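Colleague: The structure that follows is given in the form of structure tokens.
The values are calculated or read from the model by the stated rules, or taken from the named source; none is laboratory data. Predicted model, so just to flag it, every value in this text is computed and none were measured. Positions of Cβ are generated from backbone atoms using ideal geometry, with glycine treated the same way; all protein chains shown enter the neighbour counts. Accessible surface areas use protein heavy atoms only, side chains included; no ligands, DNA or RNA. Shrake-Rupley method; radii C 1.70, N 1.55, O 1.52, S 1.80 Å.
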Amino acid sequence: MKESSNQLAVLNRCGPYAGNSAQESLELVMAMSNFGQEVSVFFIEDGVYQLLTNQNPSIIGRKHFTKGFAALHFYDIENIYVCANSLLERGLTPDDLMMEAQALSKDEISGLLQNHKQVIRF
């Protein structure tokens, strides 16, 4: 885990297709990285669903934007965290996710967020 002071934290709490906030979050993360901002990305509560493999949003008439998560490493975004408690509450494990994310407890996430200068919540 990198030292995170003076970084931007993006906190994802919503499911992937419950409005546009999840897609807007991904776009923000990529844009901020393009401007040289070091970004940490957190997935908590229903936000963990954004990382599930085998999503098929065409069933509900939505675009499959979550494929963009696979590109985060091209943007040098290394600090990706998922709430272990949220996974457990939803019957999920890190193996259910499309990408690697460091699983942390709620308390660990709370502590890490406090080290960030800015936190944007989606």
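Colleague: Once the Cα atoms of the chain are picked out, what are the Rg and Dmax in Å?
Modeller: 13.5, 41
Colleague: Another question about this same structure. With +1 assigned to the C-beta of every Lys and Arg and -1 to the C-beta of every Asp and Glu, and no other charges, what is the dipole magnitude of the stretch 28-122 about the Cα centre in debye, to the nearest 20?
Modeller: Numbers: 7 positive and 11 negative charges, 89 e Å.
It comes to approximately 420 debye.
Colleague: For the stretch 64-122, which trypsin sites (Lys or Arg not before Pro) are in a loop by DSSP, counting at most 15 other Cβ atoms within 10 Å? Don't jump to the answer; show the numbers that get you there.
Modeller: Details: sites: Lys67, Arg90, Lys106, Lys117, Arg121; in loops: Arg90, Lys117.
Passing sites in the stretch 64-122 are Arg90, Lys117.
Colleague: Please give the per residue accessible area of the stretch 8-121, computed with a probe of 1.4 Å over protein heavy atoms only, in Å².
Modeller: On the way: 6150 Å² over 114 residues.
Averaged over the residues of the stretch 8-121, the accessible area is 54 Å².
Colleague: If you roll a 1.4 Å probe over the stretch 8-121 with all protein chains in place, what percent of the accessible area is carbon or sulfur?
Modeller: Details: 2960 of 6150 Å².
C and S atoms contribute 48 percent here.
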